[in-house]
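Colleague: Mind having a look at this structure? Questions to follow.
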Amino acid sequence: MSWARLNTFSKADFPDPRSIQQIVSAAKADAGFWLMVNEREMERRTLAVNALTTVRSEVGSPAAERLTPSIALLAEELVSRMFGTCSTGTLANIQEALLQAAGAELRDAQLQNAGDSSSSDVDDG
């Protein structure tokens, strides 16, 4: 799906889940951008696993603030390329949709890899 085609959507359509899904589809179509979204999801998972201990840098910033570009910046860049600006609430919904899509893709890949490794244990002999 091209950016130009998405550019024709009305800004009023942003809250519509179909529009957000189309934005996610556009993000997936840009391989470099989608890789960064997947990296943010993996980092979010890592931080969630380590949630019991607060990881801080030398200057006391939470580790999540050191990840660049942040998922917020990625979502803002994506939307600004397509539409210009949108509300903070809508950007938050788009961020979450991007992370959920990346998370689902990562889970599917893990399940596929687990299935592939179990089938290789079968002895043909």
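The values are calculated or read from the model by the stated rules, or taken from the named source; none is laboratory data. Since the model is a prediction, treat every value here as computed from it, not as a measurement. Reconstructed Cβ throughout: ideal geometry from the backbone, glycine too, with neighbour counts over all protein chains shown. The area values use the complete protein model at the heavy-atom level, side chains included, leaving out ligands, DNA and RNA. Shrake-Rupley method; radii C 1.70, N 1.55, O 1.52, S 1.80 Å.
Colleague: What about Trp34, is it at pLDDT 90 or above and open to solvent by less than 90 Å² (accessible area, probe 1.4 Å)?
Modeller: Considered against the rule, which asks whether it is at pLDDT 90 or above and open to solvent by less than 90 Å² (accessible area, probe 1.4 Å), Trp34 comes out as yes.
Colleague: How many of the residues in the stretch 97-116 are of a type outside the set (A, V, I, L, M, F, W, C) and open to solvent by less than 30 Å² (accessible area, probe 1.4 Å)? I'd like the intermediate steps shown before the answer.
Modeller: Start the filter on the stretch 97-116 by keeping residues that are of a type outside the set (A, V, I, L, M, F, W, C), which leaves 100, 103, 105, 107-108, 110, 112-113, 115-116.
Then drop every residue that is not open to solvent by less than 30 Å² (accessible area, probe 1.4 Å), which leaves 103.
Final tally of qualifying residues: 1.
Colleague: Here's something else I'd like to know. Which one is modelled with the lowest pLDDT among residues in the stretch 58-78 that are in contact with an Asp or Glu (Cβ under 8 Å, 6 or more places away or on another chain) and part of a loop (DSSP other than H, G, I, E, B)?
Modeller: Among those that are in contact with an Asp or Glu (Cβ under 8 Å, 6 or more places away or on another chain) and part of a loop (DSSP other than H, G, I, E, B), it is Leu67.
Colleague: Can you find a residue in the stretch 80-96 that is among the β-branched types (Val, Ile, Thr), open to solvent by 90 Å² or more (accessible area, probe 1.4 Å) and modelled with pLDDT under 85?
Modeller: Yes.
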